[in-house]
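Just below is one structure, and these are the notes that go with it.
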Amino acid sequence: MCANKIIGGVDDAGRGCIIGPLVLSGISIAESHINDLVDCGVRDSKTISPNNREKLYSRIKQIATKVISKHLAPEEIDKYVARKQKYTKLNYLEAITAGQIINLLAVDLVYVDASDTVTERFKQNIQNVVKYPVEIVSEHHADQHRPTVSAASIIAKVERDREINKLQKKYGDFGSGYPSDQKTIDFLKKWLEKNNSKPSFTRKTWKTWDRISNLNINHFNSK
């Protein structure tokens, strides 16, 4: 590779959450500066504390040539998840969003953390959106061994956490927003009991709502 080759990385945060946006982020950087990311401690965002992620967020923005993020609101996610076609749902939405980010990054080579179980299909869906010649490497767990993807994962995670913090200040502590979090389930259960509707800041197509509805039915039947 040429030393001046521009390398990109794309990753997401909040894919499985029932509350809040899905954030996809991408970064571009000259190949000769990739070690700068490693030297400042960039690695998979899940292995870094929130405080250190915030510090790295600022550092990545200083080092990278470009940093691009797109926040996908719950209603946009629901629109794709509700589709009947198997391969035009959330994975497809992520792929076309990744393609839009890559268009703005203007890179020679980009590593993407594939959400689809079939990495080649994810790559092809991205390729269909990208408007210039670029080498796309679609991999599982790319955030664990590709510094540019690790950096993108940190950007996405920090921006997602900030959005969650805004929602919590407005609506109260609902935990992490993931279906595996009992605090999140309790919050949504109480919301449904009180308002008889799903909050606008949640993904209404998530099957988690069936479990919450059953909890409410059992609750009323036990009275």
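Residue 26 versus (1) of a type outside the set (Asp, Glu); (2) at pLDDT 95 or above; (3) outside any strand (DSSP E or B): which is the lone unmet condition?
(3)
Quick one: residue 73 ticks every box in (1) small (Gly, Ala, Ser); (2) within 30 Å of residue 199 (Cβ to Cβ); (3) surrounded by 18 or more Cβ atoms within 10 Å (Cβ to Cβ); (4) modelled with pLDDT of 95 or more except a single one, so which number is it?
Looking at each condition in turn, residue 73 falls short on (3).
What are the residues in the stretch 194-203 that are buried (at least 16 other Cβ atoms within 10 Å of the Cβ) and not in a loop (DSSP other than H, G, I, E, B), if any?
Of everything in the stretch 194-203, just one residue is buried (at least 16 other Cβ atoms within 10 Å of the Cβ) and not in a loop (DSSP other than H, G, I, E, B), namely 202.
Give the residue that is nearest to residue 11 (Cα to Cα), with candidates limited to residues of the stretch 102-134 that are in contact (Cβ under 8 Å) with a residue 60 or more places away in the chain and touching a Lys or Arg at 6+ places or on another chain (Cβ under 6 Å).
Top of the filtered list is 111.
Within the stretch 172-182, identify whether any single residue is surrounded by 12 or more Cβ atoms within 10 Å (Cβ to Cβ), of a type in the set (D, E, K, R) and assigned to a helix (DSSP H, G or I), and answer yes or no.
no
Checking residue 185 against (1) under 22 Å from residue 74 (Cβ atoms); (2) of a type in the set (A, V, I, L, M, F, W, C); (3) in the same structural domain as residue 14 (by TED's automatic domain parsing), only one condition comes out false. Which one?
Result: residue 185 fails condition (3) only.
Suppose we filter 191, 206 for residues that are of a type in the set (Phe, Trp, Tyr), without any contact (Cβ under 8 Å) to a residue 12 or more places away in the chain and either assigned to a loop (DSSP other than H, G, I, E, B) or at negative phi (or both); which single one remains?
191
So that you can scan it fast, the table gives a plain yes or no per residue for (1) surrounded by fewer than 14 Cβ atoms within 10 Å (Cβ to Cβ); (2) at pLDDT below 95; (3) over 27 Å from residue 35 (Cβ atoms); (4) touching a strand residue (DSSP E or B) at 6+ places or on another chain (Cβ under 9 Å):
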{"site": "123", "(1), (2), (3), (4)": "no, no, no, yes"}
{"site": "127", "(1), (2), (3), (4)": "no, no, yes, yes"}
{"site": "132", "(1), (2), (3), (4)": "yes, no, no, no"}
{"site": "137", "(1), (2), (3), (4)": "no, no, no, yes"}
{"site": "140", "(1), (2), (3), (4)": "yes, no, no, yes"}
{"site": "154", "(1), (2), (3), (4)": "no, no, no, yes"}
{"site": "158", "(1), (2), (3), (4)": "no, no, no, yes"}
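Can residue 45 be described as over 20 Å from residue 163 (Cα atoms), surrounded by 16 or more Cβ atoms within 10 Å (Cβ to Cβ) and among the small types (Gly, Ala, Ser)? Steps first, please.
Numbers: over 20 Å from residue 163 (Cα atoms): no; surrounded by 16 or more Cβ atoms within 10 Å (Cβ to Cβ): yes; among the small types (Gly, Ala, Ser): yes.
Here the answer is no, as residue 45 does not meet what is asked.
For the stretch 16-34, which residues satisfy the criterion of being surrounded by fewer than 17 Cβ atoms within 10 Å (Cβ to Cβ) and in contact (Cβ under 8 Å) with a residue 40 or more places away in the chain?
Selection gives 16 alone.
The values are calculated or read from the model by the stated rules, or taken from the named source; none is laboratory data. Fair warning: this is a prediction, and the values are worked out from it, not measured in the lab. In this analysis, Cβ positions are derived from the backbone assuming ideal geometry, glycine residues included, and neighbour counts consider all displayed protein chains.
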